[in-house]
Amino acid sequence: MNGWAQDLRYAFRVLLKSPGFTAVAVLSLALGIGATTAAFSVLNAALLRPLPVAEPRRLVLLLPERRGERYILFNPIFEELRRRQHTLSGMFAVSGAPFLKVTLAGAAGPTYLRGSLVSGSYFSVLGLAPSLGRLLSEHDDAIAGTPGSAGCAAVISHRFWIRQFQQDPAVVGRSLRVRDAECTIVGVAPAGFDGDQAGHSIDVWVPLRSLTDPKLLASHGMAFFDGVMGRLRPGATMGQAEAELTSLYRQIQAAEPAPPPSSGAAPVRPDDLRMHLASGAQGLHAVPRRLGEPLRIVMAIVGVVLLIATVNVANLMLARGAARIPELATRTALGAGRGRLVRQLATEGGLLAALGGLLGVELAYLGTPALASLLSLGDTTFSLDIAADGRVFAVAIAATTLAALLAGILPAVRLSGTTLQAGMGVQQRVTGGRHGQRLTRVLVAAQLSLSLLLVTSAGLLLRTMVRISGIDPGFRPAHVLLLDVRDEAPSGSFGAVDPPEQKARRAALYRTIEERLSALPGVESASLSWLGLFGGSNLWLGLIDADQPDPRPLARVDYVSSRYFDTVGMQLLRGRGFNESDREGTPRVAVVNEALARERFGGRDAIGRRLALDYRGEQDRPFTVVGVMRDSKYNDLREDQTRPMMWMALPQAPFRITSVALRVAPGASAAVARQAQETLASANAELMVRRVTTLSAQVRGTTARERLLLGLASGFGGLALLLAAVGLYGTLAYAVTRRTREIGVRLALGARPATVLRMVLAEAWVLVAGAFVVGLPLALGGGYALRAFLFGVEPQDLMTLAGAGAVLALAATLAAYIPARRAAAVDPMTALRYE
Amino acid sequence: MSTSPTAPPLIRLENLSKVFYTDEVETHALAGIHLEIQKGDYVAIAGPSGCGKSTLLSILGLLDSPTDGLYQLNGNAVQDLDLAQRARIRNREIGFIFQSFNLIGDLTVFENVELPLTYRGMRSAERRDRSQKALERVGMGHRAKHLPSQLSGGQQQRVAVARALVGEPSILLADEPTGNLDSRNGDAVMELMRDLHRNGSTICMVTHDPRFARHADRTIHLFDGRVVDENVEAAAGVGVV
């Protein structure tokens, strides 16, 4: 023990004696360990942390599949499965409502809360107990107004209880209006439980059956579940449950009525179905589906950075340690065995790693929120609980241990071996050379190879973004403000057609809103639409050509107000757009895109053609095509081809709008956004704004994952390159110092300084060439791993590889230049100086 | 072996001095040196440690510049040349033999010898031919592919001599060439240098060992940076200083 303490004291003294070296080494390790810990913290929070419920490992996700592909589960089948199965102690369904309209008692008007519509068994299956009152139960599944119903019950989260009600115990029994239903708060969920998905904190849970239209509950064609989960009975295995549920799923499907022939849908063969079960310990699968791949890539990137940082420190230790060979030789001469020397040197490396680990954890603590925020990909409702837990500390310790092993043990073993030879007093009659430097060169080449991987990855993503940014969307997204709105006015039952008077009222309201918005200062053009651009909607309807009823090809459709095309900046090719005269009662008109005109009418002009929607009540009410718009992107700039699309005049079919677009003068966005929200609120309190954004942001949002990875790959790639350059600099600087006499001899023999400069630079280039050869398969593998995020560039793109190689060579040249200059400036008289 | 006294000297130093400046001290390493070396001479520079022998040799070898005075090599003033010009002259006119041999550990014997010709930009075939001949001349042709670490000290110094010879320089500058050798190997190297001299090489050798200085035709004694004495041997190797 005394020896260890002595080693530790000595290690402290040695490190303090070289503050520059110590600072670089500790910072390198801290960056590597910090980046790894931060990335793992986010990955842990998003993918690994179990739900804070009883025995989370017994929870299972029910993932229906048809022919091996993900499939949908309709409520009647879910209900039947739940009733007949025996291997699960309970099952529940969840339908998330990130914007749930809620009117709190005493509030001026409705507001949006983060809600979740769940089966009554939700809390009991999760094994949760209330903080206050009671939680939902299966009795709450009774549809309001039906026998046995005690009305709509609501459970609020502990966090919401604190935020909204300051933990008032009298909250139980208070009423609140959820959508159009009067509900009562029956209890508060336990503290720490914020929902069944990481990152999505819920304010209020209400019974799914109370808040869902009975027709939708009974539908065999409309799905609305976000997920279904269950809990294995004691003794039951996942395999048994999967076998039972699959069997029941097929039996239930076999008894399902066949779809009507008019639907065009192929009947579902029971044998094609399977109920796949996966662990539900971490909750629903939406987060892993969205973030799993980017997070795994980020983890791989920071892992590479950690490796580079650690190798870098090992290299610096080796280079610096060589200068201590006389000291170590003396220790050997005084009787220190090799093991003792290894221990002493390893203690120094271990101390560096420990200091790096401590600083790294601190950096991770500071950087994790920023990384988590980046990974939210612009979703403001997404907020991960990134508090460190045992797993995070385990990873930080593992990263530190790896650093200690590589940066401590490796140089220690190597140097102690060298020392034994030096200690034997071998006389040096030859000068310089690269003896003993092979390992450091291999390590530098390894760093450069790993850097090539990151630089190539960043290059591929950069080229992807360049390609995407060069795509013409077919409209002008700049200076267009978007309001994501919902018309929350009470609606009729599911599938019912709005009565004419309601349509007329709505048309009048929308006209008024459009006029008021158009009159706002700074607004150049205002429009309303049912769906809008880049909103993620993907609705297709069959079109019936009045002159040729069959076939009925599918097309995207939207209902837009008269100034829509001007507002979003679409280009009219032929005919006209909509105008003020296109109102209810006037001939129904439509505008189509080039793709529809081309595919539906071939070379003939589409203007004047009559198209009806293949939809109940619409088949015999055709729209006359009055204009053809230039093709444009709809949901993603990377769409390979434009799909047929038809726009109809909103006043002639006033569907509930979801989007308001405003073309504004440069610099006026903030003021217009505020005024527009006030205008909507004053026009109709039921027209609620979910969020305000811009069309540009909406377009950018579709490449958020690519931009995130580009940012991280570039940032960490740059860091990796910097670390590798520091490693190369250290190695070459040490080599030049070690070879000063040899260089002096070369100069004495007539080498010019420029020759020596080139000689040292050439060493760096040889390392780069070696690193390129070794790193090429890594870089190709990296490109392959990124293929899902690439656009317009192949994973093995030669130009990117060449560019990455050039970046590497440039960095290496810059790193080698100072040692090379120093070598060129060696005084040739050193050749005459004796050892 | 000296040329006619009327021929211009190969090396001419006039009132040469070298002063080293440090923060507080000014050290006169050489002062008022006058020296002429004719083509074919074998000159030894002797003197105690710190007398300026190595400083003089480094100036003769264009590794260092004098503070003052004239240095002519083959009739051309060389004391004010820039680094590249000095490197070129070193490469073509001067051959170095170092006390520590200074062979480069990573290069084979052949590559070590070939090195000065490489810096000269000579074609590969000619380099090969001349390097092989130089090695044969010092009796090391059979060890061309070995690494320096595989040779004895005497063999390493022979290789170093071959390297000095290969460029056919005007003068060989030897800095204590036997300093790291045992007496048997030291004698062998001195014999080799005598052979070179007999065959026309001009040699200037620094030594502090009078026994080896006797091998030269002339011995110049330095003390405190000044020439204090000069002996000329009638027959090399038999004179007494």
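When residues of region A:172-193 are filtered for being assigned to a loop (DSSP other than H, G, I, E, B) and within 17 Å of residue A:92 (Cβ to Cβ), how many remain? Counting residues in region A:172-193 that are assigned to a loop (DSSP other than H, G, I, E, B) and within 17 Å of residue A:92 (Cβ to Cβ) gives 3. When the residues of region B:32-64 are filtered to those that are without any contact (Cβ under 8 Å) to a residue 40 or more places away in the chain and surrounded by fewer than 19 Cβ atoms within 10 Å (Cβ to Cβ), which remaining residue is nearest to the other protein chains (Cβ to nearest Cβ)? Once the filter is applied, the top-ranked residue is B:50.
Of all residues in region A:273-303 being in contact with a Phe, Trp or Tyr (Cβ under 9 Å, 6 or more places away or on another chain) and closer than 27 Å to residue A:250 by Cβ, which is modelled with the lowest pLDDT? Per the criteria, the residue is A:273. Look at residue A:682 and say whether it is more than 14 Å from chain B (Cβ to nearest Cβ), over 29 Å from residue A:533 (Cα atoms) and open to solvent by 40 Å² or more (accessible area, probe 1.4 Å). So residue A:682 fails the test. Being over 20 Å from residue A:723 (Cβ atoms), at pLDDT 90 or above and either within 14 Å of another protein chain (Cβ to nearest Cβ) or open to solvent by 30 Å² or more (accessible area, probe 1.4 Å) (or both) is a property that residue A:814 lacks. In this structure, residue B:67 qualifies as open to solvent by 40 Å² or more (accessible area, probe 1.4 Å), touching a Lys or Arg at 6+ places or on another chain (Cβ under 8 Å) and not basic (Lys, Arg).
Residue-level analysis places residue B:127 among those that are under 21 Å from residue A:758 (Cβ atoms) and either part of a loop (DSSP other than H, G, I, E, B) or open to solvent by 30 Å² or more (accessible area, probe 1.4 Å) (or both).
Filter the strands (runs of 3 or more DSSP E) completely within region A:496-613 down to those with at least 2 residues that are more than 22 Å from residue A:672 (Cβ to Cβ) and touching a residue at least 24 places away in the same chain (Cβ under 8 Å).
Values: elements: A:523-529, A:540-545, A:554-560, A:572-575, A:589-593, A:610-613.
Answer list for region A:496-613: A:540-545, A:554-560, A:572-575, A:589-593, A:610-613.
Of all residues being open to solvent by 20 Å² or more (accessible area, probe 1.4 Å) and hydroxyl-bearing (Ser, Thr, Tyr) in region A:619-646, which is modelled with the highest pLDDT? Just the residue, please. That would be A:624.
For beta carbons closer than 9 Å, sequence separation of 6+ or different chains, a first residue in region B:158-171 that is at positive phi and a second that is outside any helix (DSSP H, G or I), the qualifying pairs are B:168/B:95.
Within region A:729-739, the set of residues being within 12 Å of another protein chain (Cβ to nearest Cβ) and open to solvent by 20 Å² or more (accessible area, probe 1.4 Å) comprises just one member, A:738.
Against the test of being closer than 28 Å to residue A:212 by Cβ, under 26 Å from the mean Cα position of the chain (by Cα), surrounded by 13 or more Cβ atoms within 10 Å (Cβ to Cβ) and among the acidic types (Asp, Glu), the options A:65, A:80 yield a single qualifying residue, A:65. Per the conditions (1) in contact with a Phe, Trp or Tyr (Cβ under 7 Å, 6 or more places away or on another chain); (2) within 11 Å of chain B (Cβ to nearest Cβ); (3) surrounded by fewer than 24 Cβ atoms within 10 Å (Cβ to Cβ), the sole criterion not satisfied by residue A:749 is (3).
Tell me, please, whether a residue that is within 13 Å of another protein chain (Cβ to nearest Cβ) and surrounded by 18 or more Cβ atoms within 10 Å (Cβ to Cβ) can be found in region B:182-199. Yes, because at least one residue in region B:182-199 is within 13 Å of another protein chain (Cβ to nearest Cβ) and surrounded by 18 or more Cβ atoms within 10 Å (Cβ to Cβ). Residues of region A:497-554 that are open to solvent by 70 Å² or more (accessible area, probe 1.4 Å), at pLDDT 85 or above and over 28 Å from residue A:682 (Cα atoms): A:540, A:554.
Condition check for residue A:719 on (1) within 14 Å of chain B (Cβ to nearest Cβ); (2) touching a residue at least 24 places away in the same chain (Cβ under 8 Å): one failure, at (1). If you go through region B:85-102 and keep only what is part of a loop (DSSP other than H, G, I, E, B) and open to solvent by 20 Å² or more (accessible area, probe 1.4 Å), you end up with just B:99. The single condition from (1) over 21 Å from residue B:84 (Cβ atoms); (2) among the aliphatic types (A, V, I, L, M); (3) open to solvent by 40 Å² or more (accessible area, probe 1.4 Å); (4) within 14 Å of chain B (Cβ to nearest Cβ) that residue A:802 fails is (4).
Do we find a residue being open to solvent by 10 Å² or more (accessible area, probe 1.4 Å) and closer than 30 Å to residue A:289 by Cα anywhere in region A:762-773? The answer is no, given that none of the residues of region A:762-773 is open to solvent by 10 Å² or more (accessible area, probe 1.4 Å) and closer than 30 Å to residue A:289 by Cα. If you filter region A:113-126 down to residues that are hydroxyl-bearing (Ser, Thr, Tyr) and open to solvent by less than 40 Å² (accessible area, probe 1.4 Å), you find that the one that is nearest to the chain's Cα centre (by Cα) is A:116. On the stretch given as region A:275-289, residues that are under 9 Å from the mean Cα position of the chain (by Cα) and free of Cβ contacts under 8 Å to residues at least 24 places away in the same chain total 0.
Which of the residues spanning region A:647-662 are buried (at least 22 other Cβ atoms within 10 Å of the Cβ) and outside any helix (DSSP H, G or I)?
Listed by number, the residues that qualify are A:647, A:648, A:649, A:654, A:657, A:659, A:660, A:661, A:662.
Against the definition (touching a residue at least 24 places away in the same chain (Cβ under 8 Å), within 23 Å of the chain's Cα centre (by Cα) and in a helix (DSSP H, G or I)), how does residue A:708 come out, yes or no? Considered against the rule, which asks whether it is touching a residue at least 24 places away in the same chain (Cβ under 8 Å), within 23 Å of the chain's Cα centre (by Cα) and in a helix (DSSP H, G or I), residue A:708 comes out as yes. Applying the selection to region B:68-122, what residues are within 9 Å of chain A (Cβ to nearest Cβ), more than 15 Å from residue A:750 (Cβ to Cβ) and not hydroxyl-bearing (Ser, Thr, Tyr)? Result: B:99, B:101, B:103, B:105, B:106, B:107.
The values are calculated or read from the model by the stated rules, or taken from the named source; none is laboratory data. This structure is a prediction, so every number in the text was calculated from the model and none was measured. Neighbour counts run over all protein chains shown; Cβ positions are idealised from the backbone, glycine included. Just so you know, the surface numbers come from the protein's heavy atoms only, side chains and all, with ligands and any DNA or RNA stripped out. Shrake-Rupley method; radii C 1.70, N 1.55, O 1.52, S 1.80 Å.
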